[in-house]
Each structure stands twice: as C-alpha cells, then as structure tokens.
Amino acid sequence: MVEVLAARHTWCAPDERIRLATPLGARLRFDVAGLDERGAPQRGWLARTSGSVGGAAGGALLGLADALSGNDNLSSDPDQVPTTLVTGPGPRCLAVSALGGLDTLDPGDHWFLTSTRLALLSFRPPDTEGTGSIGGTPAGSDTGLFDRARRLGSGLLGHGDAAAPALRTSLPTATARVELPAARIRSAEVVARRRGAGSSGVHPHYLRVVLDDGSALELAAPGGTEATARRMLALVSSCPTRSPE
C-alpha cells in the first residue's frame, strides 16, 4: 500500500510505528444525538449548538454537512453501508469536534493509527517535474521505485539507506487533516451494525475506536467480515489506550 510508505517517510516520526491504515471511503455517516446522518444539526439542536458551543463550532458542523452533501460518491442506497461511522452522545463530543474543521472530504484519505496518534491523512502526488521518469524516480536509476518499495516493506531499507531519499521524493506527501494523541483512545473493539430497512446481505463489521469521552469512530472492515475486523483489532492491540476513569 503506497499510502503506508508515504506516511512512514513523509509524516511519521522516526520511532513511530504504524499499526493500522484503512481508507476513509466514500460514505462517512453520523450516529450522534442531535445530528442527522450527514452531520448537520437536527431541528431544535442548531440554536442550542450555536449557543453552547459558539458560532464557529456550529458553522463547522454545517460546513462538514455541506462537504458531505457535495460529495457525489455518497450513496443513499441502503445496501451501501457507511465506510466510516461517527458515534457519540451529542454534537460537542470529541469524535464530532475532531472532524468539525473539515470543509472537504476525499474518499482517498486514510485513517492511520500509530503508536502515538490517530489521524486522518490526505496525500498529495509527488512532484515529477524534471525527473525524466514516472513517479519521480530519477532517470537512469538502477533501482526502480517498486523494487525499493518492496525492500522497504520488507524492512531492508531504512532512513539511512542511500536509496531512501530517492524513494521519499517518489512518494505522495502525507498531511494530517485530523489528529488525536493515542492517549485519548480508551479502547478498541469489533462491532456489527444492522443494515437499514430494505437492505440485504450480512451485517457489516467495524473496528470501533472508542475515545476518552465515550464517542467513537467506527472504521469499516474490508469486505465487512468479522474475521477481517478481528485482524484489524489484532493490529491495533499494542497501541497505548486510556483506561476508563
């Protein structure tokens, strides 16, 4: 996965370990008291939200709803389950406020859980001007990008390897759009979600990342299977989490 290589070389700290990477996907949905499924305040909640949280926070919620409304990839088909689900007791919860500054959404963004933080990363294509080759690899290089990437993924190529700088310039640049310290994660678990009325198929499974205020981000397991969700849980099990108070 090129996003993992890009995050490792353009965003991670030298001693930071990536535990999990999974796409945001095209269907971000909310299951939060006072918000509709797109994150907009429900009738009667907007005034309370603006009054108690402040106009900027209320505007951020509406901005996120506008971003969702403008995403043509979002589907109302009941068989198209959310790829990321935000849950919480109300609009001021941590899971919602962490997303409140987003004014656009890109299905190509990825959730990353590392040894130190939870983040939503976007990726900017590499600058290929003047390289004379695809992907920013210098013309005439005796080591191809994919060969170097394979060696890197196998742990054979580190930051001190002579080929590492060339690989970094060939990769997209990762930028955090949402970022929370891992200490704010209370726990992680596998959950199954019922499909809506009129839908068919098995119940999709998610990795539920619970934050310290009880709100959560639920990340869809590839294929929706319980087995895949449990593999995701195994990957993040060694991340630091905060015990409930």
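Determine if region 98-110 includes at least one residue that is touching a Cys at 6+ places or on another chain (Cβ under 9 Å) and either in a helix (DSSP H, G or I) or modelled with pLDDT of 75 or more (or both).
No: zero hits.
Can you confirm whether Asp36 is more than 30 Å from Ser115 (Cα to Cα), surrounded by fewer than 17 Cβ atoms within 10 Å (Cβ to Cβ) and modelled with pLDDT under 85?
The answer is no for Asp36.
Residues to consider are Ala13, Ala60, Ala47; find the one that is modelled with pLDDT under 55, hydrophobic (A, V, I, L, M, F, W, C) and either over 19 Å from the mean Cα position of the chain (by Cα) or in a loop (DSSP other than H, G, I, E, B) (or both).
Ala47
Which one of the conditions (1) over 17 Å from Val236 (Cβ atoms); (2) outside any strand (DSSP E or B) does Val86 fail to meet, given that it meets all the rest?
(2)
For Arg186, indicate whether it is modelled with pLDDT of 90 or more, among the charged types (D, E, K, R) and either farther than 18 Å from Asp212 by Cβ or assigned to a helix (DSSP H, G or I) (or both).
no
The values are calculated or read from the model by the stated rules, or taken from the named source; none is laboratory data. From a predicted model like this one, the values you see are computed outputs, not experimental measurements. For neighbour counting, all protein chains shown are included, and Cβ atoms are generated from backbone atoms with ideal geometry for every residue, glycine included.
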